[in-house]
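What follows is a single structure, written as structure tokens, with notes after it.
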Amino acid sequence: METIHVPISELRVGKVISEDIFANTRYPIIFKNTMISHEHLQVFFAFNISRVPVYKDGKEAQSEIKEAEIVVPIEAIPTFKRIYDNSIEQFKKEFKNWEAGAKVDITKARKIILPLLEMVLEDRTIIFDLNEYSNPKDYLYHHCVATALISSVIAQKLGYDKGITIQVAIGGLLADCGMAKVHPRIRDKKTTLTEQEFAEIYKHPIYSYNMVKDLTILKDTMKEAIFQHHERLNGSGYPKGEKIANISTFAQIIAVADVFHAMTCERLYRTKQSSFKVIEMINESEFGKFDIKVVRALIDIVADLPIGTIVELSNLEQGEVMFINKFAPTRPLIKLSDSGEIFDLEKNRTFYISRIITNL
């Protein structure tokens, strides 16, 4: 039966693999006569496979086709973390190229973020773990990728279509590309920055804009969002100190995603913090700086806890979510596991949810 090699961009679920597929692995990552599913498409993205051999007419013997079973070796299963780590390495290479003077390649940027984007939009809870993957040494690369993913989830929650959501994600990914033009001595400094060094950091949105302004695939609204992602509605941001009427919603989406990830991550000068604590800080202590509908969208995402969710509190006690207070969604009623006591986080504001327990 005739085989054709189909580009990944044209590949469709339901086609059947006509040859074993290897990717620098000892065993095939996908075997011959496997019917392609959405999971397999993620495998191809993860291993940078550009073309796939499939049967031309798709009428091969159904008895040989393994539709329900994904026959990928355990070590090759594309868990989110595996694909995420690969994307970080790809982004780091691109960033080093920008430092050396290379132009932004929007096609590569899309290839880096799209496999992760598909998974995050299917399961928003993934964003709760992004701060766990980061580390102080490579924080900047993790931050760019995470900002893209969190921005996409916020955009989706606000009701934007898939095309706009992808554009917002790319905007989030490239918002800090201008940091490649800031001298590493300033960018990586472990002690307090001088006034002049801060002034250079504050120029990075300008550098980012200059690096993306000629990209025809990126919408002008996203280029504007990249330029404005450090502006604040009360005029306290940079680089221009714009106020509410002149700052786009897309800039605010990237801004909220940027701050949320930065505040939840471990940095050289700060330990990581709970997503629930951070979203409360953004909502309360940063009130007036961000579009309330964007903040509310992130609150709804973070606090979207089904009844019965097991959580750990800041005092290390575990419990089960019993009731969500719509006026304080990050502070539900918790039934403590050890004592059976009903604990109201709204009344006990010294405590907060530190993490969701996903594996018991």
* Asked: In sequence order, what are the phi-derived ³J(HN,Hα) couplings for the range 217-224 according to the Karplus relation 6.51 cos²θ - 1.76 cosθ + 1.60 with θ = phi - 60°, rounded to whole Hz, with x for glycine and proline?
  -> 6, 7, 5, 4, 5, 6, 4, 5
* Structure fact -> A chain fully extended from residue 267 to residue 190 at 0.36 nm per residue, minus the present Cα-Cα distance, gains in nm 26.7 nm
* Could you calculate the FRET efficiency of residue 236 with residue 307 from 1/(1 + (r/R0)^6), where r is the beta carbon distance between them and R0 is 45 Å, rounded to 0.05? => 0.70
* When N is the residue count of the range 213-310, what does its C-alpha Rg come to as a fraction of 2.2 N^0.38 Å? -> 1.20
* Percent of accessible area on the range 181-288 owned by carbon and sulfur, 1.4 Å probe? -> 53 percent
* Asked: Of the chymotrypsin sites (Phe, Trp or Tyr not before Pro) in the range 254-290, which ones lie in a loop per DSSP and count no more than 14 other C-beta atoms within 10 Å?
  -> 269, 287
* Structure fact -> Excluding ligands, DNA and RNA, the carbon-plus-sulfur percentage of the accessible area of the range 306-356 with a 1.4 Å probe reads 53 percent
* **Globularity ratio of the range 127-231, using Cα Rg and 2.2 N^0.38 Å** => 1.13
* Asked: With every protein chain left in place, what is the accessible area per residue of the chain in square angstrom, probe 1.4 Å?
  -> 50 Å²
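Find how much the distance from residue 296 to residue 22 grows on full extension, using 0.36 nm per residue of separation minus their present alpha carbon separation; answer in nm with one decimal. Could the numbers behind the result be given before it?
Details: separation 274, 0.36 × 274 = 98.64 nm, distance 4.52 nm.
Full extension of this stretch gives 94.1 nm more.
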* Asked: Per residue Cα convex hull volume for the chain, in cubic angstrom?
  -> 170 Å³
* Asked: Expressed as a whole number of Å, what is the distance separating the alpha-carbon centroids of the range 249-288 and the range 145-192?
  -> 13 Å
* Structure fact -> From the cross-link list 293/326; 272/326; 92/190; 272/293; 162/203, the entries with a Cα-Cα span beyond 24 Å are 272/326; 272/293; 162/203
* What's the FRET efficiency of residue 199 with residue 347 using the Cβ-Cβ distance as r and R₀ = 41 Å, to the nearest 0.05? -> 0.35
* Report the residue, chosen from 293, 243, 326, that carries the largest GNM mean-square fluctuation when the chain is represented by alpha-carbon nodes joined by springs under 10 Å. => 326
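The values are calculated or read from the model by the stated rules, or taken from the named source; none is laboratory data. Please read all numbers here as calculations on a predicted model, not as lab measurements. No Cβ is skipped: glycine too gets one built from the backbone with ideal geometry, and neighbour counts run over all protein chains shown. Note: accessible area is taken over every heavy atom of the protein model, side chains too, but ligands, DNA and RNA are not part of it. Shrake-Rupley method; radii C 1.70, N 1.55, O 1.52, S 1.80 Å.
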